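The values are calculated or read from the model by the stated rules, or taken from the named source; none is laboratory data. Please read these numbers as outputs of a predicted model, since none were measured by experiment. Here the Cβ positions follow ideal geometry from the backbone for every residue, glycine too, while neighbour counts run over all protein chains shown. Ligands, DNA and RNA are excluded from the accessible area calculation, which covers all protein heavy atoms including side chains. Shrake-Rupley method; radii C 1.70, N 1.55, O 1.52, S 1.80 Å.
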Amino acid sequence: MIKTSPEQDYSYWSMSIPDLLSQFNKNQEPQQYQQTGLTTAEANLRLSKYGKNLLKSKRETNSISLLISQFKSPIIIIFIFTSVLSYFLGQIEDALIILSIVVASGILGFWQEKGATDAITKLLAIVQLKSIVLRDETDCSIPFEDIVPGDIIMLKSGDNIPADCMIINSKDLFVNEATLTGESYPVEKLASILPKETLLRERINCLFAGTFVVSGTAKALILKTGATTELGKISDRLRHKAPETEFERGVRRFGYFLMEITLMLVISILAINVYFGRSVLESFLFSLALAIGLTPQLLPAIISVNLAHGAKRMVNHKVIVKRLSSIENLGSMNILCSDKTGTLTIGEVKLQSAIDISGNYSKKVLLYAFLNAIYETGFTNPIDRAIKDFCLNQHIDKMLSGYGKLDEIPYDFIRKRLSILVSCSDSEITQTQEIKKSVIVTKGALANILDVCSYAEIDDGEVMELYKVRQKIQVRFEEISNRGFRVLGICYRIHKMQYNNNNNNNNFTSSITKDDEVDMIFLGFLIFFDPIKSDVLQSVSNLKKMGISLKIISGDNRNVAAYVAREIGIKNPRILIGSAIHHMSKDALIRQAYDTEVFAEIEPNQKEQIILTLRQTGTNNVVGYMGDGINDASALNAADAGISVDTAADVVKEAADFVLLEKDLGVLAKGVQEGRRTFANTLKYVFMATSANFGNMFSMAGASLFLPFLPLLPKQVLLMNLMTDMPEMTISTDNVDTESVEKPRKWDIKFIRKFMIVFGLLSTIFDCATFVTLLLVLHSTLNQFRTAWFMESVISASVIVLVIRTRKPLFKSKPSTCYLLLYLLLLLQLFSHFFLLHRYLDLLHSHLYIYLL
């Protein structure tokens with residue numbers, strides 16, 4: 001068996017399929033192996049030998065590693081070191097207290113992150129990519145990561161290719177290899193033997209990981225998996241990571257800002273305290289304690305927990321989050337681009353009628369449409385399903401006697417046609433001879449059908465040149481489209497005829513290529529309808545109230561798209577068609593895109609162009625795209641928030657940030673609300689950390705310069721930080737005011753900076769008043785001062801949290817039950833410790849101070 005290691009670069013593309021099959025499974029004959037595939041036992045052995053089919057090893061986040069990661073912060077490490085140092089210097093009590101606080105903080109973060117990690121793992125398993133693999137003589141659906149070298153896979157339109165493989169056999173297979181080659185147009189693939197020196201982009205008999213099937217079918221042998229694939233080698237060299245979202249950039253800038261302030265403040269305080277002759281160790285610990293107090297050390301954990309809770313709430317609204325950091329983008333989205341089918345309409349395409357050029361019902365048009373639909377094998381689609389359902393109701397299936405499929409040219413997004421070659425018998429021509437003929441039947445977009453037609457059949461069966469009736473066809477097409485119907489054209493051509501005297505037709509064979517789609521006879525129209533959803537008008541209205549404008553991007557003609565736009569409440573929609581975009585400059589498109597409501601007759605590659613343009617039309621635009629077709633993958637990647645549905649092709653779900661379990665704008669609107677709620681709760685903690693912490697720490701830093709003693713012991717600073725963080729860990733469950741989810745919100749670092757300075761200075765003023773009261777009015781002793789100020793700091797920080805969590809008056813916005821209970825528990829714990837540890841203090845000071853609060 002070939003060991004597909006990165007070092008071994010054998011020219012498998014120059015080997016025959018039987019030779020490859022023999023080397024990958026020497027226990028079976030190639031023909032038998034091709035029919036049975038690997039056994040489950042053999043596959044498991046290979047999985048343990050070669051590893052998971054992943055570009056880089058998946059690190060399982062076990063509980064121990066997650067717990068250890070809580071203590072990797074440089075500040076935490078320094079505190080552990082100073083705790084050990086204090087122990088050896090004889091300050092055993094201080095060492096144990098500091099160490100206990102650090103451990104408690106780490107366990108708190110571990111508990112929250114463990115729950116978040118487990119929840120996300122379960123959610124992502126819902127949209128796990130799988131491939132059809134032949135094992136134990138049965139077609140099985142296997143997760144990508146469990147596929148091994150030697151597996152035989154079955155591919156169809158829309159499938160992601162899970163690993164590098166060799167084509168065993170294929171039928172009209174076209175693959176998008178833009179990931180590897182940069183070529184956006186699909187490449188035709190087929191089984192063959194190539195020279196050893198064939199370049200990567202020219203290996204038409206090979207399929208590569210990271211690419212996907214555009215049309216056709218194939219059976220292929222897996223050769224290389226994981227990091228040994230061509231994509232794996234590139235990934236190993238480049239290590240691409242997902243683009244940073246606006247929220248992630250904001251968190252990073254916020255972190256840098258706090259780090260600068262913390263370093264300046266801590267270094268200054270340490271130097272001044274040492275200058276005044278205070279204990280170096282105690283001053284060092286106090287400075288580090290200030291650093292802990294200033295730094296929102298739980299911010300990463302709280303962000304993760306917030307996003308995880310948001311993702312869990314979203315799944316209750318049938319929205320699966322694939323990339324947590326994109327939740328903020330969904331909440332900030334102000335432009336949503338969407339196709340109409342299945343989103344604005346019910347998505348159940350129905351065939352209304354089949355008519356000829358004159359507009360009369362035609363059984364011949366219906367029969368040829370049925371032949372085209374019933375023999376199509378490229379990929380399942382609603383159009384063919386609608387044709388088959390309608391024809392079965394009309395009993396057209398009884399007319400299939402004598403017909404049989406010979407060949408197929410599957411649909412692709414360039415031709416926009418599907419051709420089927422069928423054989424049929426005509427015994428009415430002569431009594432002594434039977435004529436066996438093959439007919440090409442082609443169905444597709446009307447313009448693309450007319451491109452291959454030279455003739456047209458009129459209502460009496462007469463065939464005439466197309467140019468004589470082309471205007472009539474166009475008028476009929478526009479008339480039907482203006483009523484909101486989708487129209488396809490159908491044409492045919494006799495491909496070959498054979499006369500048999502002995503009625504032996506078994507040897508009649510034929511095949512076709514795209515070159516045979518010429519000089520065809522236009523036959524008629526297929527008229528489809530897809531009713532508007534009953535609740536879509538309300539959904540669009542709700543999105544508008546939420547500050548989200550809807551833009552329709554459709555491949556359908558402008559008349560149908562305009563009709564749908566008017567039906568959903570967009571009066572006099574501004575329409576831009578694909579051909580116009582093709583001739584526009586970049587600047588011209590940027591000027592027009594924002595004011596355009598409907599993009600019609602759009603080519604697949606233009607969808608990405610439109611999304612990127614809309615993102616450039618303004619600095620505050622956050623663009624979402626909702627699609628489920630194979631040609632939507634690039635647009636989903638380009639959007640700030642890529643949204644697909646669970647029934648979409650693998651390549652589409654892989655490209656999306658969110659997967660809807662129902663293709664419904666109402667579901668999406670609920671997901672947007674949850675995204676905004678998650679973002680609002682995340683900002684609450686940021687405001688808490690930048691106001692209460694900054695104010696308290698700045699006050700302590702300033703007081704240490706004027707007092708003959710440290711205002712708080714390092715262990716008190718650490719304990720205060722831990723106690724105030726405990727209720728804040730439940731902020732993800734907090735209620736959010738309606739006003740906070742009405743409009744899109746974005747990370748505003750300038751506002752946060754102003755908020756921190758204003759609130760921090762306001763807090764410092766109250767702290768200074770407290771200092772004056774304790775020292776000059778109440779004449780507190782050292783222990784009394786530290787105890788009173790410790791209580792004041794914890795209580796004030798907690799009260800501030802209750803105040804700034806809402807823009808409403810404090811008693812008009814109810815916090816969540818979980819947060820409120822923890823807050824009350826904190827206060828009870830604080831007072832119980834106060835009376836237990838300081839029962840000998842002057843109670844007057846305490847009561848007076850509480851009164852001052």
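For the reader, a short list of remarks on this structure follows.
- Restricting the range 31-48 to residues that are more than 15 Å from LEU221 (Cα to Cα) and free of Cβ contacts under 8 Å to residues at least 12 places away in the same chain, the residue that is least open to solvent (accessible area, probe 1.4 Å): ALA41
- From the list LEU550, LEU543, LEU526, the lone residue that is in a helix (DSSP H, G or I) and crowded, with 19+ Cβ neighbours inside 10 Å is LEU543.
- Test: residue in the range 415-432 that is at pLDDT 80 or above and open to solvent by 60 Å² or more (accessible area, probe 1.4 Å): no
- Residue check for ILE387: among the hydrophobic types (A, V, I, L, M, F, W, C), open to solvent by 70 Å² or more (accessible area, probe 1.4 Å) and touching a Phe, Trp or Tyr at 6+ places or on another chain (Cβ under 8 Å): no
- Against the test of being open to solvent by less than 50 Å² (accessible area, probe 1.4 Å) and of a type outside the set (Lys, Arg), the options THR770, THR781 yield a single qualifying residue, THR770.
- Failed item, numbered, when LEU351 is tested on (1) in a helix (DSSP H, G or I); (2) at pLDDT 90 or above: (1)
- GLN538 meets the conditions (1) open to solvent by less than 10 Å² (accessible area, probe 1.4 Å); (2) more than 30 Å from SER419 (Cβ to Cβ) in every case but one. The failed one is (1).
- Apart from one condition, HIS779 fits all of (1) assigned to a loop (DSSP other than H, G, I, E, B); (2) at pLDDT below 75; the exception is (2).
- If you go through the range 1-30 and keep only what is open to solvent by 100 Å² or more (accessible area, probe 1.4 Å) and at pLDDT 85 or above, you end up with just GLU29.
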